[in-house]
Amino acid sequence: VYLYSPAILWQKETEHNLKTAFKTAVCLWMILLKCKFCRVLGVSCNVIKPKDVARLHPLVNIHDLVGALHLPGDSVVSPPDVNHALAVASAAHGVQIYEHTSVNHVVVKKGHVTAVETDRGSIECEYFVNCAGQWAYELGQSGEVKVSVPLHGCEHFYLLTKPLSEPVQNDSPVLIDMDGRIYTRAWHGGILSGGFEKNPKPIFTEGRNQLEIQNMQEDWDHFEPMLSALLRRMPGLESCEIQQLVNCPESFTPDMRCLMGETPGIYGYFVLAGMNSSGLSFAGGAGKYLAEWITYGYPSASVWPLDIKRFGNLQSSRTFLRHRVMEVMPLLYELKVPRWDFQTGRQLRTSPLYDRLDMQGARWMEKHGFERAKYFIPAGKDLLALDQSKTFYKPDWFDIVGAEVKCCKEAVCVIDMSSFTKFELTSAGDQALQLLQRLCANDLDVPVGHIVHTGMLNQRGGYENDCSVVRLSKNSFFIISPTDQQVHCWSWIKKHMPSDPQLHLEDVSWKYTALNLIGPRAMDVLSELSYVSMTPEHFPSLFCKEMSVGYANGIRVMSMTHTGEPGFMLYIPIEYALHVYNEVMSVGQKYGIRNAGYYALRSLRIEKFFAFWGQDLDSFTTPLECGREFRVKFDKDTDFLGRDALLRQRVEGVSRRFVMLVLEDHDTELDVWPWWGEPIYRNGELIGVTTSSAYSYTLQRHVCLGFLSPTNTDGSPATVTADFINRGDYEVDIAGQRFPAKAKLYPFSSLFAQQKRRKDDMELSNFQSK
């Protein structure tokens, strides 16, 4: 049951206030986007007129409204009653509930949960779920083995009125006024109204003994802005009698999403906490998925955005959490535009090149606590205007990123990619190889120096990790994974590692700075710096060699770029990073070198149909569904995880397929851009959603990646074939407007060739006409 959002209100634009007018336009698109997203999920949702709002809730002042978003199927539920009903039903099935019992700590032996110590004695168990709400952090830190549960409490205020002269009906809709930052609902004939203020008050930073819940005080001065907003929206409440202003604690996480799943390093220790003031809204689904996780070892759907392993110990600083929740809580009612970044808790993890790149105009985003350059502002640009650019349309950085992409294709660019997760797996014998052969779908028994792109799959054939593995020596491997896979990938490998003192896994992410040299002149730059030929004949694709670059030895140079463009990755021991970067930039001047950021990388990889884990791939996506069967070696000697599932899928066919959609008739200048999550239609029927989108500067069109998941007439999954995809007419719905699109199952290389031929023919025709 979703408690909020039966009506989200937005205000009319004022004729002489461009800022308000812009906000209104953006809010309109937000309303349409939310409405479309609800419909994709099967939730009934409509945009209604102000007069309909007044009919649904007569207390609402509608004079400044142009409409609302209405979810007629929503309802209000009493949390204590739900809790009591579940407790009674559980007890009837043999569950024992101990009230007024304090948990002291969880007993862990050899990495497994064995018992819970309470003030009434010890309770043996195989599984423990930390559902302690805002005390979950402290409970995680109470044992000998510490568990990181990154959340922090804030005071949350809501107002209760006595019954009105004309009691508010229980079936009156809940209202959310985003600009007023308030929500209201019926409560015993009166109103319950709270909100999420811009200046929240964090609490319990030093622990629960600092301030007991029962001593939390009313704060009318703090609540005044929300009270004023309530009275503006419902003027009829001016004369009502207030019963109480409640001040209660709520816990919030660093990214506004709840925490669930098994913790890394302790088997059987699960967490379900950090609900960000939406506990009952999430309770049914979260409880279902966690029960499946405990019972079967995995939930029945991908919950990676909520998985506690998306965080590490670096997000457990109380100072970090206190500052971050002061930003998070107001954001619940803020307008969040695409490519939006948190402002607190920044510069936590940085490359050795951070200051140098910052001085050269880098604009930063954060990934797993690591600062990464988005793009570089050329000298003379209005830095402030670009930093404050917020839009769903063509962004101000469009031409800047376009110039970086052009340089990647025609000259050479440098991208600092030090945030990548990097592990080294070594052994005395062949234990490292045997482990990787078991974990990876591709064949890792390759000659020393070769690079293998592979997935680490689960028993269902889904991706637990998408990585590149380098064989450094006979018994030593270098594993490169996405940035936010650091905790998850480590946990997955350790979970399957045998207890062998001769087998060693080390996280070396901090030891190496990674520079990506992209472009046709990358080989010229490296040749000058190393006095070694870097041509494909001497340095083939997907090959790694330790080399000297400038004065620095031991640089791992790899012939790959993660974009499909020519170039090299340089993994540099951290103490040499600044020297190598300076040398590369100095020598590269004659070849037109420049810095580039991750926005350019994103454009390049999407137009080449490269899927990324966490954006396009997850633990329920198989290689056969995303066109990567060529990276699966069914005939290798080792029976790898997921092999049986993939063999069955190969016989039965896939029920979903990763495709590339090239938008037609989409005006980049005037139309709303696709960002991700847009509905995909085939022959007028909803068939999937996009997972990634970017503008292709090569094709001069938008490109979307996403999955098609057709169903049979009875609602069961249908088999997807190449013929099925090729015969369909496709549209992508962007904020309520559908744009035609061409669906592709293969990379753009042939499209590039066709476009180049058309361009050459056009130029030849123009030349001949002259």
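A few points about this structure:
- Any strands (runs of 3 or more DSSP E) falling wholly within the range 499-556 and containing at least 2 residues that are within 22 Å of Phe420 (Cβ to Cβ) and β-branched (Val, Ile, Thr): 512-518
- Any hit, the range 302-315, residues being of a type outside the set (Asp, Glu) and free of Cβ contacts under 8 Å to residues at least 24 places away in the same chain: no
- Every pair of residues 6+ apart whose Cβ atoms lie under 7 Å, when the first sits in the range 275-291 and is assigned by the TED database to the domain that holds Phe128 while the second is assigned to a helix (DSSP H, G or I) and open to solvent by 40 Å² or more (accessible area, probe 1.4 Å): Met275/Phe282; Leu280/Pro79; Leu280/Val82
- Among residues of the range 570-584, those that are in contact with a helix residue (DSSP H, G or I) (Cβ under 9 Å, 6 or more places away or on another chain) and part of a helix (DSSP H, G or I), counted: 7
- Residue in the range 256-269 that is charged (D, E, K, R) and within 24 Å of Phe320 (Cβ to Cβ) present: yes
- Complete set of residues in the range 485-512 that are at pLDDT 95 or above and hydroxyl-bearing (Ser, Thr, Tyr): Ser491, Ser509, Tyr512
- Hey, Gly564 surrounded by fewer than 22 Cβ atoms within 10 Å (Cβ to Cβ), farther than 14 Å from Thr421 by Cα and among the small types (Gly, Ala, Ser) or not: yes
- Positions within the range 612-631 being open to solvent by less than 10 Å² (accessible area, probe 1.4 Å) and either hydrophobic (A, V, I, L, M, F, W, C) or part of a helix (DSSP H, G or I) (or both), in sequence order: Leu617
- Number of positions in the range 222-258 that are free of Cβ contacts under 8 Å to residues at least 40 places away in the same chain and under 37 Å from the mean Cα position of the chain (by Cα): 2
- Filter result for the condition that a residue is farther than 18 Å from Ser172 by Cβ, open to solvent by 70 Å² or more (accessible area, probe 1.4 Å) and of a type in the set (D, E, K, R), over Lys51, Lys109: Lys109
- Of the residues Glu575, Glu537, Glu583, the single one that is surrounded by fewer than 19 Cβ atoms within 10 Å (Cβ to Cβ), under 25 Å from Val446 (Cα atoms) and acidic (Asp, Glu) is Glu537.
- Filtered residues of the range 232-280 (kept if at positive phi and not in a strand (DSSP E or B)): Met256, Gly265, Gly268, Gly274, Asn276, Ser277
The values are calculated or read from the model by the stated rules, or taken from the named source; none is laboratory data. Everything quoted here is computed from the prediction, not taken from an experiment. Here the Cβ is made from the backbone with ideal geometry for all residues, glycine too, and neighbour counts use every protein chain on show. Side chains included, ligands, DNA and RNA excluded: accessible areas come from the protein's heavy atoms. Shrake-Rupley method; radii C 1.70, N 1.55, O 1.52, S 1.80 Å.
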